[in-house]
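Some notes on the structure that comes next.
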Amino acid sequence: MGRITGRNEMDRAKAKRYEPYSYESNSTQIRWVVVALTAWVVVALVLAWQDRATASYLGDLQNQGIASVPPTQQSTLRDVDKILEFAAIEGVDCTTQEQIIALTPECSNLMDVQDKYTSVKDTGAMLFVLLMAVFLANMFAFGAFTHRSSRNLLTLKSDKQGFSPEKSVMWFFVPVLNLIKPWQVFRELFRGSDPDVTTSNQVEWKTKGKVPVIVNVWAAIFVAVFLFNPRTIGMYWYSVRETLDDVVIAHQRLVIADLLLAVLGVAAIFVALELHKRQEACHAKVGDITVTPPAPVDPLEEALKEGIRRKDLENERSRSKRRGSGK
């Protein structure tokens, strides 16, 4: 099970975290990042086109005089009940199962509406599932790229970084804080990878390193997508969709959300490419060096040391007071 789940490989990676290492190029990882993000952009654009087509189809139904949301297909018996309910709401002469079986013009028209609406809904749902699958692929690709980029800072003579490689990835998954921390992580990565900063002082990058505008743009889009995406539109912004007009507006907003997802993917591609370019240039300047990452801090050990230090300080003060009293 350890081999199947990858636990053995994870344990080996953890054991090697604090061993000496040299610069590790992201040349392979950047290709996977670009491929995964390009797939994300394509799926998001196709989803935007599908949501636009759905909104357009519902608008055509409005022009035909339909005011309520068509039912979607489920089981046969429930389909019949929903068609009859839909006909009653719309005031259409389709009131019995016999009329549906006989495919009277009125019932046949409503069933065509149901079929087409079900088709566009199902297509949109499948595209959204595909988008989530591509999202998982991007999590692994972008996470691996971020982790290695963070590890490389030490080999580029950029010391005292505020985010460890593990935390650089972890902050993407912490609710609320992931609106700010990833932006801070990448600002640090860009500053520490700036080839124009001198390496004679290994902490000068903190003040001299430059961050390109695209990083701030990417972070702003990231926040916008976090607040306004296909999930939040359905759950919060347009959760009440009682009329056909409500559904049309919701799908129009979905188009905007889908386009935001695509723009986020494009911005992420530029960020990743620029960071990789900087690290390669900085490595060419610094050369191959071997570094040893700082050992992890044991909180209990640090607390004990602090307690001992305070106790020694108190004892020294007490001795000083006694000497003063003796005089």
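The values are calculated or read from the model by the stated rules, or taken from the named source; none is laboratory data. Given the structure is predicted, the values throughout are model-derived calculations rather than measurements. Please note: Cβ atoms are built from the backbone with ideal geometry, for glycine as well, and neighbour counts cover all protein chains shown.
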*Among (1) closer than 26 Å to Glu274 by Cβ; (2) modelled with pLDDT of 85 or more; (3) not charged (D, E, K, R) - the single one Ile249 does not satisfy*: (1)
_Total residues in the range 159-203, condition surrounded by 15 or more Cβ atoms within 10 Å (Cβ to Cβ) and acidic (Asp, Glu)_ = 3
*Please tell me if Lys82 is within 30 Å of Lys181 (Cα to Cα) and modelled with pLDDT under 90.*
no
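Please list, ordered by residue number, the helices (runs of 4 or more DSSP H) wholly in the range 116-222 having 3 or more residues that are within 15 Å of the chain's Cα centre (by Cα). Talk me through it step by step, then tell me what you get.
Working: elements: 165-170, 181-192, 205-208.
Correct list: 165-170, 181-192.
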*Is there a residue being modelled with pLDDT of 85 or more, part of a helix (DSSP H, G or I), under 30 Å from Ser168 (Cβ atoms) and aromatic (Phe, Trp, Tyr) anywhere in the range 56-76?*
no
_Criterion first (over 30 Å from Arg17 (Cβ atoms) and of a type in the set (A, V, I, L, M)) does Met139 satisfy it?_
no
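Among the candidates Ser193, Ser200, which residue alone is of a type in the set (Ser, Thr, Tyr), out of contact with any Leu (no Cβ under 7 Å at 6 or more places or on another chain) and either more than 28 Å from Tyr57 (Cβ to Cβ) or modelled with pLDDT under 95 (or both)?
Ser200
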